[in-house]
1. Restricting to segment 70-85, name every residue that is closer than 23 Å to Ser12 by Cβ and either at pLDDT below 95 or not in a strand (DSSP E or B) (or both).
2. Answer yes if at least one residue in segment 72-88 is surrounded by 14 or more Cβ atoms within 10 Å (Cβ to Cβ), free of Cβ contacts under 8 Å to residues at least 40 places away in the same chain and over 19 Å from Leu178 (Cβ atoms), and no otherwise.
3. Any residue in segment 21-49 that is within 13 Å of the ligand (Cβ to nearest atom) sitting within a Cβ distance under 6 Å of a residue that is polar (S, T, N, Q) and in a helix (DSSP H, G or I)? List the pairs, counting only those 6 or more apart or interchain.
4. Filter segment 89-116 for residues that are crowded, with 21+ Cβ neighbours inside 10 Å and within 12 Å of the ligand (Cβ to nearest atom) and give the result.
5. Got a number for residues in segment 118-171 being under 17 Å from Gln98 (Cα atoms) and surrounded by 14 or more Cβ atoms within 10 Å (Cβ to Cβ)?
Amino acid sequence: MRIAVFASGNGSNFQVLAEQFPNNVKLVFSDHRDAFVLQRAEALEVAQKSFELKEFANKAAYETKLVELLQDYEINLVVLAGYMKIIGPTFLAGFKGQIINIHPSLLPDFAGSAHAIEESHAANRGLGVTVHFVDEGVDTGKIIAQVSVEFAENLAIYEKRVHEAEYELYPRVIKAFLAGEIADGCSVREKNC
Ligand code: GRF
């Protein structure tokens, strides 16, 4: 399995995945040319590509280039980790059932929120992390795996727990993909779908 990780900024999840699956993580893409994730990729000697939506006439043209890039690298699983763009129809048509995302709440709580950690903390609800397939909606695709995270009054402490949970959950899901336990569009919990 050849994996591409998409990240817009920091890339700590990318780093965990690249370190744990060096034979599978073949490419990192960022939609920001100055994203720190690209430096992480360089240090880990993972191929890196970056271009920005504003460099294209429209989103379809941007996503056409993305699909070409992924085909060039023979990618069969796209792992979104802090990629702050909604996946549009062009990208989805090329990779439906092969794109997964991690979201820092127990979906469906706080779906679509770019501040899900802060919002779930403030509400003391939906505390956790979800990995799910990407579909036409925002954070609405089939859930692959979820883990609860214990509340802490202190937001920084809670946030640290969320990230620790992510660093454990995402590799667990990737391992399940590699073991053939998850097929296109099927979750861990519904192996027979
Ligand atoms: C993570 O909290 C992830 O759940 C969310 O964006 C954050 C990315 O962090 N989608 P990093 O760039 O991997 O450090």
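1. Leu70, Tyr73, Ile75, Ala81, Gly82, Tyr83, Met84, Lys85 - these are the residues of segment 70-85 that are closer than 23 Å to Ser12 by Cβ and either at pLDDT below 95 or not in a strand (DSSP E or B) (or both).
2. Yes: one or more hits.
3. From segment 21-49, the pairs are Arg40/Gln15.
4. Ile100, Asn101, Ile102, His103, Pro104, Ser105, Leu107, Phe110, Ala116
5. Count: 16.
For every residue, the table says whether it meets (1) among the charged types (D, E, K, R); (2) within 29 Å of Lys59 (Cα to Cα).
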residue: Gln71; (1), (2): no, yes
residue: Ala81; (1), (2): no, yes
residue: Lys96; (1), (2): yes, yes
residue: Gly112; (1), (2): no, yes
residue: Ile117; (1), (2): no, yes
residue: Val134; (1), (2): no, yes
residue: Gly141; (1), (2): no, yes
residue: Val149; (1), (2): no, no
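The values are calculated or read from the model by the stated rules, or taken from the named source; none is laboratory data. All figures in this text were calculated on a predicted structure; none of them were measured in a lab. Don't worry about glycine lacking a Cβ; one is built from the backbone with ideal geometry, like all the others, and counts go over all protein chains shown.
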